[in-house]
């Protein structure tokens, strides 16, 4: 008599398990199976819906933030381009001698009025002037050191000269104030 092969034995076990599974599932009510299937599908759709809702809310918040930034900082290139106009007008006012002011009073007054209007426009659009004073501490967030020099009576890191004002657009730096800084060694 031939011995049963392992393959036949495994086939018999698989057949027995399949029959047992069919017998077990035959006891299930098909409506309950369908309800469970629909619940699982509903839960899957609910999860996808909640994720889509969260994605939409995040996109809305991102677009609101982008819109606010565009409103506040969208004109920064134009504002930066206007800074040399301010510098030149300030220089013109500062270099006018008393004699020139008397001879060309209307011209000087026109320049001063134009300068005031430029400053009003700057203020209206959130542009503020950064005006450090001699003796202030150098702040690399607001100032640009144009040179360093050892000046007696000063402390290293102290502003010794202001070459040009800086400008902020709301809370962003448009241009740092250009300053000279003391390099006086501690004595």
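Every read-out reported here was derived from the displayed coordinates using simple, explicitly stated rules and does not represent laboratory data. Just so we're clear, the structure is a prediction, and the values are computed from it rather than from any experiment. Please note: Cβ atoms are built from the backbone with ideal geometry, for glycine as well, and neighbour counts cover all protein chains shown.
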In this structure, the FRET efficiency calculated for residue 69 and residue 106 from their beta-carbon separation, with R0 = 45 Å, to the nearest 0.05, is 0.55
Nearest 10, in degrees from 0 to 90: the angle of helix 76-95 to the longest Cα principal axis of the chain is 10
If each part is reduced to its alpha-carbon centroid, region 153-175 and region 36-86 end up apart, in Å, by 36
Between the Cα axis of helix 105-124 and the main Cα principal axis of the chain, the angle (0 to 90°, nearest 10) is 20
Taking Cα atoms, the helix 30-73 axis meets the longest principal axis of the chain at an angle in degrees (rounded to 10) of 10
Mean Cβ-within-10 Å packing, highest first, puts peptides 90-100, 149-159 in the order 149-159, 90-100
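What do the square roots of 5 times the Cα gyration tensor eigenvalues come to for region 127-187, in whole Å, largest first, as semi-axes of the equivalent ellipsoid? If you can, show how the numbers build up before the last one.
Working: eigenvalues 110, 16, 14 Å².
Three semi-axes, in Å: 23, 9, 8.
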Nearest-0.05 FRET efficiency for residue 124 and residue 92 at R0 = 22 Å, using Cβ-Cβ distance, is 0.45
The chain: antiparallel bridges as % of DSSP beta bridges, rounded to 5, reads 65
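Please list 51-61, 125-135, 105-115 highest first by mean number of surrounding beta-carbon atoms within 10 Å per residue.
Answer by packing, highest mean first, reads 125-135, 105-115, 51-61.
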